[in-house]
Amino acid sequence: MAYNLKEEAKKPERLSGGHRMCAGCGAPVVVRTILRALKPEDHAVIGAATGCLEVSTFLYPYTAWQDSFIHNAFENVGASISGAEAAYAAMKRRGKLEGETKFIAFGGDGGTYDIGLQSLSGAMERGHDMLYVCYDNGAYMNTGIQRSSATPKYADTTTSPAGKKIPGKQQWRKDLTEIMVEHHLPYVAQTAAIGNMKDLHEKSEKALYTKGPTFMNVLAPCPRGWQYNTPDLMDINKLAVETCFWPLYEVIDGKYVVNYKPKNKLPVKEFLKPQNRFKHIFKPGNEYMLEEIQEETDKRWEHLLKLAGE
Amino acid sequence: MAIRERLSGNEAIATAMKQINPDVVAAFPITPSTEVPQYFSTFVADGAVDTEFVAVESEHSALSACVGASAAGGRTMTATSANGLALMWEVLYIASSLRLPIILACVNRTLSGPLNIHNDHSDSMGARDSGWIQIYSENNQEAYDNMLMASRIAEHPDVLLPVMVCQDGFITSHAIENIDLVEDSKVKDFVGEYVPDMYLLNKENPIAVGPLDHFTHCFEHKRQQAEAMKIAKKVILQVSEEFSRLTGRNYSLFEEYMTQDAEVVTVVLNSTAGTAKYVVDQLRAQGKKVGLIKPRVFRPFPVDELATALSRFKAVAVMDKAESFNAAGGPLYTDITSALYSKGVFGPKLVNYIYGLGGRDVKADDIEFVYNQLLEITGTGKVDSVFNYLGVRE
């Protein structure tokens, strides 16, 4: 059946409303869309690394999660969910469980690109039947907007402040999606919540129902850290894709597919402009920063096209 | 009929694990506990068990995976030593606060630095306040027996705490000794099926584990955890009693050796107790009234029982194979002095000996020296030095 957001939205929510994520935050939109890709009859064991998503959805004695949920620590959601999946395999083999259970780990970019990279890598290499989702908002937002290895160059964060001498973060972003591709997983995808969520939904479905370890890197803008107007969340997502700052692609058994090529690729400044974390790069004398970002964005996009044989 | 075997301490642990056949074992190699996952993965490869063995990429992930597996509803075990236990530190506290009955075979080794692979107790002593039950083992037989009892204690509904079964690295982990094994079927009956009350994989009753827990409830949760540790003492005794009926081997919170008319005793953990027993026998032959107290259960700390037992003696040497770096004695010593004070026991003269750090050999002569010092104290009634180091060059 063709994807239809209206129909999908009729499914009961598996992440209840009433949680404490900020208005205009990308993460809950991403999570709800992913969970809608679960078959209604399937149970899920969901883990989250310490971070905004965890602390805002599971404050004792309340939980927003309809499925089983576990939070362990910051850097170990990969290992934690891999353990739950191992218990499932053993208990299923011993006839103690019935039906299908899916395993999903959520981590922010801090918990995934940085402190949790080893745990993620280990879980994926061991081949657990689980989906790891990085919701990438490009900084340690939960602790108050500190730079991570996912933070874009020149972004103003509280540990890479745009100062008088040093204009924000000095390094390019780590390319986590490519790191995960190099794990030779059966399914890796980079996606974002845009339009009617078709791309995110379909990738989630594939990732959840491909046997083995799968990974999705999902853009999840943060209104506090990126400093945009909260109602503009979906526009920001779209601009990230239309400028090719955040290309939508998937790698199925090693084969690259670029899912969306903008007819008119927008200049990256269109994505950066609405975010006050980049306001200093638009000041006179700082044009070189914008040029550098544009150049790097183009370079990475061209490289991706080449990988996809385009 | 019990099975007579010859096994190293690590083999004994792995054999107990094989007989228990847990759902999940997640472990990472580190000397001297490496053999435990090695033996166990052989059992998995040969189909002797149908456990999921998770060969993780670090000890942090080993215990993290154990937390996931245990919360999911599986009986879960791991093994480690020294730096491996240190890397688990963060998750040790999480495992106990989540009330997960994970079993950890700790093969005691000196915690870095400096790097040293030999035995002392700095690893598990550092984890003494992490909320884990700690049971110490003098020899291979005790390591095996404690491992068989561990699941019963941990999984008791009034306890639900993780258990660390400790033994001395190399000294018992790699030394082959005679051992009596319990038949597989009897182990199965004794340990029983693990049927958790609530678990992640129960789709009929999904649960959420590991919340953000503010000051409105966190204190109550910690209080409940502390209560579980208190209750654990009774449960350990019940399980030990049941085990004794099964095997004829008696276990309590601590062992008393030749204490009935003793005037002086040493208090010592793990394998050194074996050496001390030999020395006690020698000195007894000379008519000296010496004895030994060997704590088995260090967490929960048997405050009442130890205070009562120690109150009968004139002088006591508490032996610590770990330095607290507090300038005030080793961890066993400070716990014992605190127990005596809180119970109003002021009779015995107490001294502390830090010994065997970094695997320094402790010989019968060393222990004999300690007993002679104690006997001298009983003669003079004077303690010249409370805090002492045994066998160090100064």
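Suppose R0 equals 22 Å. What FRET efficiency, 1/(1 + (r/R0)^6) with r the Cβ-Cβ distance, do A:Val257 and A:Leu5 give to the nearest 0.05?
0.50
As a footprinting exposure proxy, order B:Cys166, B:Cys218, A:Cys134 by other Cβ within 10 Å, with the fewest listed first.
Final ranking by Cβ density, sparse to dense: B:Cys218, B:Cys166, A:Cys134.
Can you grab the distance from the C-alpha centre of the stretch A:9-72 to the C-alpha centre of the stretch B:10-80, Å, no decimals?
31 Å
Helix A:77-93 versus the longest principal axis of chain A: what angle, 0 to 90°, nearest 10, using Cα atoms?
Tilt relative to chain A: about 20 degrees.
Cα to Cα, under 15 Å, and not fewer than 8 places away if on the same chain: which aspartates and glutamates meet these conditions relative to A:Lys164?
A:Asp156
Which residue, chosen from B:Gly344, B:Ala364, B:Pro331, occupies the Cα position most advanced towards the positive end of the dipole of the stretch B:291-382, where the dipole is computed from +1 (Lys, Arg) and -1 (Asp, Glu) charges on Cβ about the Cα centre?
Selected residue: B:Gly344.
Is there a simple number for the mean count of other chain Cβ atoms within 10 Å of the Cβ of residues in B:71-79, and what is it?
6
Quote the Stokes-Einstein diffusion coefficient, in whole µm² s⁻¹, for the stretch B:3-247, based on the Kirkwood radius over alpha carbon pairs, a temperature of 25 °C and a viscosity of 0.890 mPa s.
Taking Rh from Cα pairs, D becomes 137 µm²/s.
Give the angle, between 0 and 90 degrees and rounded to the nearest 10, that separates the Cα long axis of helix B:59-72 from the longest principal axis of the Cα atoms of chain B.
Here the helix axis deviates by roughly 60 degrees.
Averaged across A:54-67, how many Cβ atoms of other chains sit within 10 Å of each residue's Cβ atom?
Whole-number average of other-chain Cβ neighbours for A:54-67 is 4.
Counting other Cβ atoms within 10 Å, keep those with at most 16, restrict to DSSP loop, and tell me which chymotrypsin sites (Phe, Trp or Tyr not before Pro) in the stretch B:151-258 are left.
Counting only loop positions with at most 16 other Cβ atoms within 10 Å, the chymotrypsin sites (Phe, Trp or Tyr not before Pro) in the stretch B:151-258 are B:Phe215.
Can you bin chain A into rounded, prolate or oblate? Criterion: square roots of the alpha carbon gyration tensor eigenvalues sorted a ≥ b ≥ c, rounded for a/c under 1.5, prolate for a/b above b/c, oblate for the rest.
Verdict is prolate for chain A.
Of A:Lys153/A:Lys238; A:Lys102/A:Lys206; B:Lys321/B:Lys343, which ones are farther than 23 Å apart at the Cα?
Pairs exceeding the cut-off: B:Lys321/B:Lys343.
Between A:Lys174 and A:Lys279, 0.36 nm times their residue separation minus their Cα-Cα distance comes to what?
Gain on stretching A:Lys174 to A:Lys279: 35.6 nm.
Using θ = phi - 60° and the Karplus curve 6.51 cos²θ - 1.76 cosθ + 1.60, what whole-Hz ³J(HN,Hα) does each residue of the stretch A:230-242 get, with Gly and Pro shown as x?
3, x, 8, 3, 5, 5, 4, 3, 5, 5, 4, 7, 5
Enter the angle in degrees (range 0 to 90, nearest 10) between the Cα long axis of helix B:218-247 and the first principal axis of the Cα atoms of chain B, meaning the one along which they spread out most.
Helix B:218-247 and the main axis of chain B meet at about 80 degrees.
Using Cα-Cα distances under 8 Å and only pairs 6 or more residues apart, what relative contact order does the stretch A:108-147 have, in percent?
Relative contact order for the stretch A:108-147 comes out at 49 percent.
When chain B is treated as a GNM, springs tying every alpha-carbon pair under 10 Å, which of B:Gln286, B:Gln260, B:Gln167 comes out with the largest mean-square fluctuation?
Ranking B:Gln286, B:Gln260, B:Gln167 by mean-square fluctuation puts B:Gln286 first.
With N set to the residue count of the stretch B:254-390, report its C-alpha Rg divided by 2.2 N^0.38 Å to two decimal places.
0.95
Using each residue's phi in the stretch A:187-192, evaluate 6.51 cos²θ - 1.76 cosθ + 1.60 at θ = phi - 60° and report the 3J(HN,Hα) Karplus result to the nearest Hz, with x for Gly and Pro.
Running phi through 6.51 cos²θ - 1.76 cosθ + 1.60 with θ = phi - 60° gives 8, 10, 9, 10, 8, 8 Hz.
Hey, how much of the P(r) for the protein assembly as shown falls beyond 45 Å, as a percent of Cα pairs?
Roughly 32 percent, once rounded to a whole number.
Taken together, the values in this text are just the output of simple stated rules run on the coordinates, not laboratory data. Treat the numbers as computed from the prediction; the structure is a model and nothing was measured. We place every Cβ from the backbone using ideal geometry, glycine too, and count neighbours over all the protein chains shown.
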